Amino acid sequence: MSDQKKQEKKNEDNQPEQESRRRFLKNSGLVAGGIVGGGLLGSFIGNPFTKDITTSNKDERPKKEFTETRMFFTRFEDFFVLEAAVERIYPEDGNGPGAIGLGVPYFIDKQLAGPYGSNKFDYMKGPVQEVKVASSYQTLMSRGEVFIEGIRKLNAESLRSQDAKFYDLEGEQQDEILKAMEAGEIGLRGVKGPTFFNLLRQMTIEGAYADPLYGGNKNMMGWKMKEHPGIRPGYSDLIEEEKFQIIERMSLKDYQG
Amino acid sequence: MAIKLDKVDVVVVGTGWAGGIPSAELAKKGYKVVALERGRDHDHSDFVGSKDELRYASRYEIMTDNSISTVTARGTLDEEAFPLRTQSENFEGNNVGGSSVHWSGVTQRGRKFDLQARSITIDKYGEDKIPADMNLQDMGITYEELEPYFDQFEKTAGTSGEDDPMGPPRSDSYPTGPMRPSYPVKLFKEAASKLGYHPIMIPSANLSEQYENPDGETINACQYCSFCMMYGCDFGAKSDPVATVIRTAKKTGNYEIRTESYARRVIHKDGKASGVLYVDMRTGMEYEQPADVVVLAGYTISNTHLMLLSEIGKPYDPKTGEGVIGKNSAGLASPGGSATGFFEDKKFNLFMGSGSLGGTFSDLDSDNIDNSDLGFIGGGICEIRQRGSGPIGSNPVPQGTPRWGKEFKEKSLHYANRMLSVGFMSPSFGWKFNYMDLDPNYTDMFNDPLLRITHSVTEQDKKFSEYFSARAEEIMKEMGADIIEKGNPPQEWRHTQGYGETSGGVIMGDDPKTSAVNNYSQVWDMDNLFVIGASALPHKIPQQTGTLGALAYRAAEGIDKYLSDGSGLLVEKKSNAIKA
């Protein structure tokens with residue numbers, strides 16, 4: 001129970017940041033529906049993220065994760081839906097961070113911007129057929145396009161059934177919509193709901209546990225939770241040990257130098 | 001128009017074990033050999049520091065590019081096949097060394113039964129034991145005849161192992177001793193011994209010690225680092241063609257590899273092959289490489305595809321059972337038999353390991369099992385493996401756990417180092433209705449038809465799986481697991497292809513009416529064409545690489561014989577009057 005309390009406390013601590021992001025969204029005019037005007041530049045005035053900017057020659061700015069910036073998703077709103085969805089798939093709990101804390105949304109964003117997102121190594125000739133094998137990827141849409149379609153349908157379903165954005169719903173309500181997507185009950189254009197959901201689930205797990213070089217598994221915390229040492233040179237000296245070994249984590253950065 | 005190049009003695013399509021072995025053997029003898037490799041160049045320096053699960057295991061870094069070609073799949077003859085589009089649905093090794101670079105390293109020998117499945121079954125149980133639609137065939141060679149070639153392959157690879165009291169007879173011990181057992185492997189061996197079996201360490205191409213092979217190539221000692229199957233070895237400690245036969249072939253000065261060279265046809269006239277037509281994938285230019293002998297040594301899929309596209313041999317017809325090319329595709333839904341155990345009071349170092357680290361026993365394999373009162377043919381080779389679990393790929397949860405969310409996270413973390421499984425590697429037989437042909441609807445990058453695989457699961461598969469899952473459950477119980485889940489029999493093919501488990505299509509035998517190649521891998525209908533690889537197996541045998549290596553050494557001997565003694569078939573045709 002104390003874990004749960006701690007958890008609640010943590011959630012409260014996260015509130016201001018979440019709130020500020022939503023304020024940003026409102027201030028920027030993106031939510032108002034088309035009245036973007038001068039676009040982002042104009043909206044910077046009310047943007048709480050800009051307050052640390054200084055003009056000093058000395059770099060006194062707090063350290064930033066420059067790589068935590070979108071390179072694939074164009075709409076703020078899509079990214080917020082993505083964040084909310086992956087956090088339900090891999091939530092923060094007493095074991096440690098959830099998908100957001102591990103950087104999974106940025107991991108997915110980067111993956112979709114690369115060859116995997118554009119299906120460079122996949123067979124993409126038509127026609128696409130109705131197939132009975134649910135796990136088969138049968139669409140000519142790239143993974144990037146599948147994500148945009150799926151994410152927007154999650155939000156559209158949320159607006160339709162709850163009259164609220166997906167990321168403003170309670171966790172259990174979000175789960176209901178995710179389950180409907182997983183079960184194929186939400187119609188998507190050009191691709192089946194389960195294809196999108198399986199991809200979302202798989203990439204969330206990948207983002208939690210892939211080497212941090214890809215933007216997820218922040219500080220190797222995914223590995224820590226799994227008691228996995230990550231990238232060690234080898235275990236020749238330990239392979240016969242019967243006792244479970246807690247070994248200091250290493251990343252590819254540590255290994256390649 | 002294709003540009004015609006200067007003639008060489010031998011052109012080999014493929015650089016895996018199947019292509020690398022004859023290339024090395026023939027280049028050593030002074031023949032000029034050109035190899036065509038569709039993938040990139042690869043050597044050990046590409047694998048140093050390559051411990052990246054996402055890149056290699058999840059994103060198939062060293063696998064084939066499906067945008068060039070893939071396969072289509074269907075269950076039965078009346079269904080429309082659909083293309084397997086992604087690499088998670090269809091993959092095989094790409095680049096120099098082929099699939100042998102990412103293989104796990106298990107180096108089992110085929111059993112007597114595997115080579116003479118039909119005659120042994122009839123001798124032991126009578127012809128009625130063979131189901132009506134099963135194309136059960138002999139390979140036209142006995143274990144005793146193939147034994148020296150197994151030995152030769154193991155010495156090239158430096159295979160690490162220990163004598164198997166229940167295994168087939170050997171002329172010599174393994175060149176290096178067995179790998180060291182991890183705790184789960186020790187538990188398995190103790191449990192199996194208690195149940196009366198004879199467990200040993202799995203014969204392995206991840207070497208227990210540094211080894212210099214007869215060609216002078218050195219393979220290092222395995223570090224149990226876990227980045228093994230699906231990866232090239234960081235340490236040069238996995239016996240693969242890159243570390244052995246490719247290096248040997250290059251040293252002779254008689255061997256040239258052309259990478260990014262995609263073979264599209266065997267060119268032939270009047271029953272003789274004259275060369276290979278290929279595309280340079282960097283320029284799109286077409287070339288014709290003439291040769292006295294053409295060797296197809298790709299994977300099962302590409303060997304069969306090239307034979308069909310080149311219109312060599314008679315395509316198999318599942319309605320009449322006549323024809324041979326594409327016949328007996330197998331291994332796509334190997335029945336196996338397994339049990340998974342979850343342990344509450346034990347935690348294992350599952351993040352350590354190597355592709356072929358594990359325990360095995362042969363007591364219930366195809367040579368030792370008594371099928372008299374069993375509703376199936378053949379037996380299984382038992383295995384526990386500790387390949388080294390990747391954190392992305394390994395999320396074990398007991399049945400009934402949700403696939404995502406709070407409970408999934410909690411349980412997948414809890415059981416990450418508490419799950420073991422024991423399984424049986426099974427044969428997968430050829431059936432009249434399981435085969436490969438050219439797809440009528442889908443085409444590859446060059447607008448050639450894709451290869452179509454038709455495969456369904458049979459009653460034999462289900463009974464096999466039930467029997468062996470029950471045996472695996474007994475072992476897991478003895479190992480002390482708290483939750484035991486018995487594997488379910490396969491209900492249908494999952495419509496995926498990969499892990500080097502597919503066989504058949506250009507099968508070996510002694511009768512040209514029922515087989516495509518003889519026991520030198522020489523095509524009956526075209527004596528200067530040799531097709532080497534798992535495509536030769538009339539049924540998929542458990543852990544087939546060792547047998548593939550032996551057959552490749554025999555083929556190399558056959559090609560030399562063919563080139564030096566004058567042309568002709570190296571084996572006399574037989575007519576077995578097996579019902580087609």
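The residue that is nearest to A:Glu227 (Cα to Cα), counting only those in segment A:84-108 that are part of a helix (DSSP H, G or I) and open to solvent by 10 Å² or more (accessible area, probe 1.4 Å), is A:Gly101. Kindly indicate whether any position in segment B:313-328 is in contact with a Gly (Cβ under 9 Å, 6 or more places away or on another chain), basic (Lys, Arg) and open to solvent by 20 Å² or more (accessible area, probe 1.4 Å). Among the residues of segment B:313-328, at least one is in contact with a Gly (Cβ under 9 Å, 6 or more places away or on another chain), basic (Lys, Arg) and open to solvent by 20 Å² or more (accessible area, probe 1.4 Å), which makes the answer yes.
If you go through segment A:125-148 and keep only what is over 17 Å from A:Pro194 (Cβ atoms), open to solvent by less than 60 Å² (accessible area, probe 1.4 Å) and at the interface with chain B (Cβ under 10 Å from one of its Cβ atoms), you end up with just A:Gly126.
Scanning segment B:354-366 finds one or more residues that are more than 29 Å from B:Ala536 (Cβ to Cβ), touching a helix residue (DSSP H, G or I) at 6+ places or on another chain (Cβ under 8 Å) and in a strand (DSSP E or B).
Mind checking which residues of segment B:61-83 are more than 7 Å from chain A (Cβ to nearest Cβ) and either in a loop (DSSP other than H, G, I, E, B) or among the acidic types (Asp, Glu) (or both)? Result: B:Glu61, B:Ile62, B:Thr64, B:Ile68, B:Ser69, B:Gly75, B:Thr76, B:Leu77, B:Asp78, B:Glu79, B:Ala81. Taking segment B:244-272 as the range and being over 15 Å from B:Val33 (Cβ atoms) and open to solvent by less than 10 Å² (accessible area, probe 1.4 Å) as the test, the residues that pass are B:Thr244, B:Val266.
Out of all the residues in segment B:231-243, which are open to solvent by less than 40 Å² (accessible area, probe 1.4 Å), within 14 Å of chain A (Cβ to nearest Cβ) and at negative phi? It would help to see each step written out before you state the result.
Step one: filter segment B:231-243 for residues open to solvent by less than 40 Å² (accessible area, probe 1.4 Å), giving B:231-234, B:236-243.
Then keep just the ones that are within 14 Å of chain A (Cβ to nearest Cβ); that gives B:231, B:233-234, B:236-238.
Matches in segment B:231-243: B:Tyr231, B:Cys233, B:Asp234, B:Ala237, B:Lys238.
In segment B:211-230, how many are away from chain A (no Cβ under 12 Å) and either part of a loop (DSSP other than H, G, I, E, B) or under 20 Å from the mean Cα position of the chain (by Cα) (or both)?
The number of residues fulfilling the criteria is 7.
Answer yes or no: is there a residue in segment B:27-39 that is within 20 Å of B:Asn94 (Cα to Cα) and open to solvent by 40 Å² or more (accessible area, probe 1.4 Å). Among the residues of segment B:27-39, at least one is within 20 Å of B:Asn94 (Cα to Cα) and open to solvent by 40 Å² or more (accessible area, probe 1.4 Å), which makes the answer yes. With respect to the conditions (1) out of contact with any Phe, Trp or Tyr (no Cβ under 6 Å at 6 or more places or on another chain); (2) open to solvent by 10 Å² or more (accessible area, probe 1.4 Å); (3) at pLDDT 95 or above, B:Pro489 falls short on a single one, namely (3). For segment A:242-257, a tally of residues being out of contact with any helix residue (DSSP H, G or I) (no Cβ under 7 Å at 6 or more places or on another chain) and either at the interface with another protein chain (Cβ under 7 Å from one of its Cβ atoms) or part of a helix (DSSP H, G or I) (or both) returns 5.
Name the residues in segment B:84-102 that are within 14 Å of chain A (Cβ to nearest Cβ) and part of a loop (DSSP other than H, G, I, E, B), would you? Within segment B:84-102, B:Leu84, B:Arg85, B:Thr86, B:Gln87, B:Ser88, B:Glu89, B:Phe91, B:Glu92, B:Asn94, B:Asn95 meet the criteria.
Restricting to strands (runs of 3 or more DSSP E) lying wholly in segment B:246-318: which have 1 or more residues that are touching a residue at least 12 places away in the same chain (Cβ under 8 Å) and closer than 19 Å to B:Ala534 by Cβ?
Strands (runs of 3 or more DSSP E) meeting the threshold: B:261-269, B:286-296.
Among the residues of segment A:205-226, those identified as aliphatic (A, V, I, L, M) and more than 9 Å from chain B (Cβ to nearest Cβ) are A:Met220, A:Met221.
Being in a loop (DSSP other than H, G, I, E, B), within 10 Å of chain B (Cβ to nearest Cβ) and open to solvent by 60 Å² or more (accessible area, probe 1.4 Å), is that true of even one residue in segment A:181-196? So far as segment A:181-196 goes, no, none of its residues is in a loop (DSSP other than H, G, I, E, B), within 10 Å of chain B (Cβ to nearest Cβ) and open to solvent by 60 Å² or more (accessible area, probe 1.4 Å). From the list A:Pro229, A:Pro233, the lone residue that is open to solvent by 10 Å² or more (accessible area, probe 1.4 Å) and facing chain B (nearest Cβ under 7 Å) is A:Pro233.
Under the condition of being at positive phi and more than 8 Å from chain A (Cβ to nearest Cβ), the residues counted in segment B:395-432 number 1. Candidates are the residues of segment A:115-124 that are in contact (Cβ under 8 Å) with a residue 12 or more places away in the chain and within 7 Å of another protein chain (Cβ to nearest Cβ); the one that is nearest to the chain's Cα centre (by Cα) is A:Tyr116. Please work out if B:Ser394 is in contact (Cβ under 8 Å) with a residue 60 or more places away in the chain, closer than 30 Å to A:Ile247 by Cβ and either open to solvent by 20 Å² or more (accessible area, probe 1.4 Å) or aliphatic (A, V, I, L, M) (or both). Considered against the rule, which asks whether it is in contact (Cβ under 8 Å) with a residue 60 or more places away in the chain, closer than 30 Å to A:Ile247 by Cβ and either open to solvent by 20 Å² or more (accessible area, probe 1.4 Å) or aliphatic (A, V, I, L, M) (or both), B:Ser394 comes out as no.
So that you can scan it fast, the table gives a plain yes or no per residue for (1) closer than 30 Å to B:Glu61 by Cα; (2) touching a helix residue (DSSP H, G or I) at 6+ places or on another chain (Cβ under 8 Å); (3) at pLDDT below 95:
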position	(1), (2), (3)
A:Gly94	no, yes, no
A:Pro105	yes, yes, no
A:Gln129	yes, no, yes
A:Ile148	yes, yes, no
A:Leu188	no, yes, no
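In segment B:495-530, the residue that is most open to solvent (accessible area, probe 1.4 Å) out of those that are in contact (Cβ under 8 Å) with a residue 60 or more places away in the chain, outside any strand (DSSP E or B) and of a type in the set (S, T, N, Q) is B:Thr496. Against the condition free of Cβ contacts under 8 Å to residues at least 24 places away in the same chain and out of contact with any strand residue (DSSP E or B) (no Cβ under 9 Å at 6 or more places or on another chain), how does B:Arg55 come out, does it pass? The answer is yes for B:Arg55. Considering (1) among the hydrophobic types (A, V, I, L, M, F, W, C); (2) open to solvent by 30 Å² or more (accessible area, probe 1.4 Å); (3) more than 24 Å from the chain's Cα centre (by Cα), the lone condition that B:Met425 does not fulfil carries the number (3).
Take the conditions (1) within 28 Å of A:Lys165 (Cα to Cα); (2) more than 9 Å from every other protein chain (Cβ to nearest Cβ); (3) within 16 Å of the chain's Cα centre (by Cα); (4) open to solvent by less than 50 Å² (accessible area, probe 1.4 Å); A:Arg70 misses just one of them, which is (4). Within segment B:104-117, is there a residue that is in a loop (DSSP other than H, G, I, E, B) and touching a His at 6+ places or on another chain (Cβ under 6 Å)? Within segment B:104-117 (the criterion being in a loop (DSSP other than H, G, I, E, B) and touching a His at 6+ places or on another chain (Cβ under 6 Å)), the answer is no, since none of the residues qualifies.
I'd like to know if segment B:358-365 contains one or more residues that are out of contact with any Cys (no Cβ under 7 Å at 6 or more places or on another chain) and open to solvent by 10 Å² or more (accessible area, probe 1.4 Å). Yes. Within segment B:189-201, no residue that is under 13 Å from B:Lys477 (Cβ atoms) and open to solvent by 50 Å² or more (accessible area, probe 1.4 Å) sits with its Cβ atom under 9 Å from a residue that is at pLDDT below 95 and assigned to a helix (DSSP H, G or I) at 6+ positions apart or across chains.
The values are calculated or read from the model by the stated rules, or taken from the named source; none is laboratory data. Only a predicted model underlies this, so the values are computations on that prediction, with no experimental measurement involved. So basically every Cβ, Gly included, is an ideal-geometry build from the backbone, and we count neighbours across all protein chains shown. For the accessible areas, the whole protein counts, side chains as well, though only heavy atoms, and no ligand, DNA or RNA atoms are used. Shrake-Rupley method; radii C 1.70, N 1.55, O 1.52, S 1.80 Å.
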